[in-house]
Amino acid sequence: MGLTEMCTAERDTGEGMAWLSRRGFLGAAASAVGGVMLGSRAFAEDDSRLTILPGMPQSRVVEVQSRHVINGLQVHRDLLAEMLDHAITELTGADTPAQGWKAILKPSDIIGIKFNQSGQAVLATTPAFANAIISSLVDAGWRPEQIVCIEVLSDTGLIRSTAPVAEGFDRKPTDFGSGTDELASVLRQVTAIIDVPFLKTHNIAGMTCSLKNLSHGLIKHPARYHAHGCSPYIADIVWLEEIRAKLRLCLVDALRVVYRGGPSVTDTGISEEGMIIASRDPVATDSVALRFLNKVRLQNNLSRIVSSPEDLAYLAAAHRRGLGIALPHGIDLFRVQAS
């Protein structure tokens, strides 16, 4: 049975996006087992609460989930392709996936699909996810040589037909405000970026998803920028024109979620969730992903990472920087749930 035949769709009314109070979270976290170990600097240092400017439109985020798409290391590839089709059409309002892609990308674009090599071998979902995206793009009219797969360990299937990635880093460091570093050469190769992170806990940042996959995955010395919960480094690096202006889409690979022990990946900290999260706003993407990751942790008798997006330093900084919207009431969340 295909996803189209068995799925139901709903829009979040806002009630489901509620968060614990900061005090309530801290009380719960004190008695929880297996919580993410965060230093105090991982929490937002600015106590002023986040705001959304009047009249600012909501950021659209789409969740597509099927419990049938993942079974251990096996991915149901046809079902994953249908899930991706739903994510693209629901996000853009298009009638077909091809029309949806054309609303996101230009025909002349050289498209960099940014995966995360950390944990790929254990999670084992990247080859299927990559081939689904490439196939959908090719069906929509882009040629394989217009597609560059970044940080893909496998060269099987359609991945083999794509353009080779420009290796290395710029010789001249780029100043991003809170530091300087050499940017990945691939940023000069591509004109558009599709960000495809895993969803994992992170022992320093709290969580790693769309924003950190870009900031720390596209510079030469990421280890230098993990202090203070990786903030303001994540926001400052993604704000660079070389990244921000080229980012067109976030597609979170949450087929298998690392809910404990991340960013390292072990079999004991993985939950099979069969989820895709799609948005053009990386901040809203991470906000929704945080909520989902908290839900998975609660189901496994662990504390929430933080009580609110406002309490995660890098996410609050990205909101304040203008990279997107972190607050739930500023997010238009639409769900497609398989039965």
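Every number here is computed from the coordinates shown, using simple stated rules; none is lab data. Just so it is clear, the model here is predicted, and its values are computed rather than measured. Ideal geometry is used to build each Cβ from the backbone, glycine not excepted, and the neighbour counts take in all protein chains shown.
Name the residues in the stretch 161-197 that are under 30 Å from A124 (Cβ atoms) and touching a Pro at 6+ places or on another chain (Cβ under 9 Å), would you? S161, T162, A163, L183, D195, listed by residue number.
Each row is one residue, and each column tells you yes or no for (1) more than 15 Å from the chain's Cα centre (by Cα); (2) among the hydrophobic types (A, V, I, L, M, F, W, C); (3) closer than 20 Å to G262 by Cβ; (4) buried (at least 16 other Cβ atoms within 10 Å of the Cβ).
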position	(1), (2), (3), (4)
A121	yes, yes, yes, no
V138	yes, yes, no, yes
T156	yes, no, no, no
A192	yes, yes, no, yes
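Being under 17 Å from the mean Cα position of the chain (by Cα) and either within 18 Å of F198 (Cα to Cα) or surrounded by fewer than 24 Cβ atoms within 10 Å (Cβ to Cβ) (or both) holds for only one residue in R320, R297, R335, and it is R335. Could you please let me know if V265 is surrounded by fewer than 24 Cβ atoms within 10 Å (Cβ to Cβ) and not polar (S, T, N, Q)? Yes; evaluated as a whole, the condition is true for this residue.
Among the residues of the stretch 306-317 satisfying the criterion of being surrounded by 24 or more Cβ atoms within 10 Å (Cβ to Cβ) and touching a Leu at 6+ places or on another chain (Cβ under 8 Å), which is farthest from I52 (Cα to Cα)? Selected residue: V306.
Taking the stretch 97-132 as the range and being more than 19 Å from V186 (Cα to Cα) and small (G, A, S) as the test, the residues that pass are A98, G100, A103, G119, A121, A124, A128, A132. Checking the condition under 17 Å from the mean Cα position of the chain (by Cα) and either on the phi > 0 side of the Ramachandran plot or part of a helix (DSSP H, G or I) (or both), which residue from A98, A130, A103 passes? Among A98, A130, A103, only A130 is under 17 Å from the mean Cα position of the chain (by Cα) and either on the phi > 0 side of the Ramachandran plot or part of a helix (DSSP H, G or I) (or both).
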